[in-house]
Every structure is written in structure tokens, then in C-alpha cells.
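Working notes for the structure below.
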Amino acid sequence: PELGKARRSNYTLPGYDFNYGLYLHGMDGGVPEAICHWHVMKPRIILEKEKPRDYMTTNVQAVKDGYVTAHEQNLYRKMKDFHVNVEDERRFKRTPPKVPPDMTYGRPAR
């Protein structure tokens with residue numbers, strides 16, 4: 001440092017051609033390719049074995065058939081296998097509730 005002056009705390013910056021960080025040469029075309037070409041996943045076929053078991057239906061059917069104890073129901077589950085239907089896995093199963101046309105949402109005014 002110069003005599004009698006404080007030490008400078010700034011540094012010289014690199015030129016305009018300097019890239020901060022790591023530059024990766026990618027294979028994508030950026031925004032134009034994303035807008036023009038959508039990569040859509042194909043629907044996957046769910047096999048019967050991959051569907052989750054429907055224990056509620058199994059228990060109801062076991063009671064209707066006369067199997068009441070836990071051991072009998074366990075044997076019934078091994079004998080008959082119920083799986084959840086694809087329609088049951090939907091997120092919105094019902095239509096939205098019917099609302100009167102003059103109804104307003106939110107808090108009432110004071």
C-alpha cells in the first residue's frame with residue numbers, strides 16, 4: 001500500500017468475454033426447441049398385479065360369505081384377490097357441488 005493511505009479493497013474485473021461459472025455445451029436447442037417440440041411421456045399400462053389391493057371390498061365380501069374370524073379372512077384373501085379399479089384412482093371422482101347462482105363466496109360484509 002501507498003504510504004499514509006489505506007489499502008485498496010477493490011479488484012479489477014475480468015473483460016467482457018469472461019464467463020462467471022461453468023459453461024456447459026448442451027445438446028438442447030434452448031427456448032425455440034422447447035416451444036416447438038414437446039416431449040410427452042407415453043401412458044403406462046398398469047397390470048392387474050401392480051394395482052393396489054382393495055382391502056375394504058375383500059373384507060365386506062368375506063363377511064357376506066360368512067368368514068368372520070381373522071384366520072378365516074386371511075384364508076379368504078389368499079383365495080380371492082380384489083384390486084382397486086382404475087376409475088377409483090382418479091383425483092376428481094365427482095362433479096363439483098351445485099351452488100345457487102346468487103351465492104357469494106368469502107366473509108359477509110359488516
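How about the range 1-52: which of its residues are touching a Gly at 6+ places or on another chain (Cβ under 9 Å) and modelled with pLDDT of 70 or more? So that I can check it myself, show each step before the final result.
Step one: of the range 1-52, the residues touching a Gly at 6+ places or on another chain (Cβ under 9 Å) are 36-37.
Listed by number, the list holds a single entry, Cys36.
Can you name every residue in the range 89-108 that is open to solvent by less than 100 Å² (accessible area, probe 1.4 Å) and either modelled with pLDDT of 75 or more or in a loop (DSSP other than H, G, I, E, B) (or both)?
If we filter the range 89-108 for residues that are open to solvent by less than 100 Å² (accessible area, probe 1.4 Å), which is where we start, we get 89, 99-100, 103, 106.
Scanning the range 89-108 gives Val99, Pro100, Met103, Gly106.
Can you name every residue in the range 65-88 that is open to solvent by 100 Å² or more (accessible area, probe 1.4 Å) and modelled with pLDDT of 80 or more?
Of the range 65-88, the ones open to solvent by 100 Å² or more (accessible area, probe 1.4 Å) are 68, 71, 78-79, 87.
Those that are open to solvent by 100 Å² or more (accessible area, probe 1.4 Å) and modelled with pLDDT of 80 or more: Val68, His71, Lys78, Met79.
The values are calculated or read from the model by the stated rules, or taken from the named source; none is laboratory data. Quick caveat, the model's predicted, so the values are computed rather than measured. A quick note on method: Cβ atoms are made from the backbone with ideal geometry, for glycine too, and the neighbour counts reach across all protein chains shown. The protein model used for the area step is the full one, side chains on, heavy atoms only, and it has no ligands, DNA or RNA in it. Shrake-Rupley method; radii C 1.70, N 1.55, O 1.52, S 1.80 Å.
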